[in-house]
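Reading through the structure tokens given below for one structure.
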């Protein structure tokens with residue numbers, strides 16, 4: 001009987017260790033959930049919205065601060081992936097990434113391949129030319145000219161609609177501005193904040209002309225099927241709109 005008793009106690013002890021939450025070493029079902037980890041694509045060549053800091057080698061900008069602020073509100077952990085804009089759109093359509101933030105204009109064509117958050121910024125397409133250019137004053141005077149735009153952007157779409165224009169598409173918008181400065185092309189079409197940023201940095205060489213060619217809303221792209229993630233992002237976005245965070249980011253990154 002004594003032998004059986006000790007054997008029974010040993011079996012009970014082993015079972016207790018095997019059951020979750022029955023010992024200090026087990027995992028409790030009542031522990032709080034950790035952050036939801038997501039992979040977010042961005043084309044870090046569109047300062048001041050997203051770019052690589054040459055000193056720290058980290059991706060930063062308006063969009064990055066905005067999504068980090070959302071993540072803090074709704075318990076997300078973000079891994080940023082730096083990828084070209086055209087591959088970014090293809091990756092989102094294929095579900096390669098959970099989400100993307102990269103000055104992405106919400107369009108019906110894109111919305112058919114991915115989901116979008118509520119809009120967080122309104123921009124447009126702007127024409128940039130060399131400071132001494134007097135022949136290009138707006139969209140009508142782009143006919144027959146050489147126009148640069150980034151591959152896969154709404155700026156490229158608009159450029160391709162210009163009659164008799166020669167459109168050069170670039171993997172990075174910075175390469176288009178480099179060719180503009182070197183006289184290889186006559187104009188660049190891109191988002192207003194990006195155009196303004198390049199003009200600010202090259203005020204003795206570049207200028208914008210005419211009015212914005214469009215009005216466009218930026219949204220955070222989310223892979224189809226990830227409705228819970230989209231809801232979280234919209235929840236966080238609503239909170240940072242209400243508490244003034246977006247206004248602070250505009251002042252930090254876009255003022256002046």
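Just a yes or no: is a residue in the range 207-225 out of contact with any strand residue (DSSP E or B) (no Cβ under 8 Å at 6 or more places or on another chain) and either closer than 30 Å to residue 128 by Cα or assigned by TED's automatic domain parsing to the domain that holds residue 150 (or both)?
For the range 207-225, residues out of contact with any strand residue (DSSP E or B) (no Cβ under 8 Å at 6 or more places or on another chain) and either closer than 30 Å to residue 128 by Cα or assigned by TED's automatic domain parsing to the domain that holds residue 150 (or both): present.
On the phi > 0 side of the Ramachandran plot and touching a residue at least 12 places away in the same chain (Cβ under 8 Å): which single residue out of 219, 244, 236, 225 fits that description?
When all the criteria are applied, what remains is 225.
Would you check which residues across the range 226-256 are outside any helix (DSSP H, G or I), modelled with pLDDT of 95 or more and over 19 Å from the mean Cα position of the chain (by Cα) and list them?
243, 244
Given the structure, is residue 183 under 18 Å from the mean Cα position of the chain (by Cα), outside the structural domain of residue 65 (by TED's automatic domain parsing) and either part of a loop (DSSP other than H, G, I, E, B) or under 24 Å from residue 65 (Cβ atoms) (or both)?
When the stated conditions are applied, residue 183 does not pass them.
Within the bounds of the range 128-149, is there any residue that is free of Cβ contacts under 8 Å to residues at least 12 places away in the same chain, assigned to a loop (DSSP other than H, G, I, E, B) and under 27 Å from residue 41 (Cβ atoms)?
Scanning the range 128-149 turns up no residue that is free of Cβ contacts under 8 Å to residues at least 12 places away in the same chain, assigned to a loop (DSSP other than H, G, I, E, B) and under 27 Å from residue 41 (Cβ atoms).
What are the pairs, 6+ residues apart or on separate chains, where a residue within the range 61-90 that is free of Cβ contacts under 8 Å to residues at least 60 places away in the same chain has its Cβ under 6 Å from a residue that is in a helix (DSSP H, G or I) and surrounded by 19 or more Cβ atoms within 10 Å (Cβ to Cβ)?
Going by the 6 Å Cβ cut-off, the qualifying pairs are 78/71.
If you take the residues of the range 107-126 that are part of a loop (DSSP other than H, G, I, E, B) and under 12 Å from the mean Cα position of the chain (by Cα), which of them is farthest from residue 217 (Cα to Cα)?
Here the answer is 117.
The values are calculated or read from the model by the stated rules, or taken from the named source; none is laboratory data. Treat the numbers as computed from the prediction; the structure is a model and nothing was measured. Cβ: placed from backbone, ideal geometry, glycine included. Neighbour counts: every protein chain shown.
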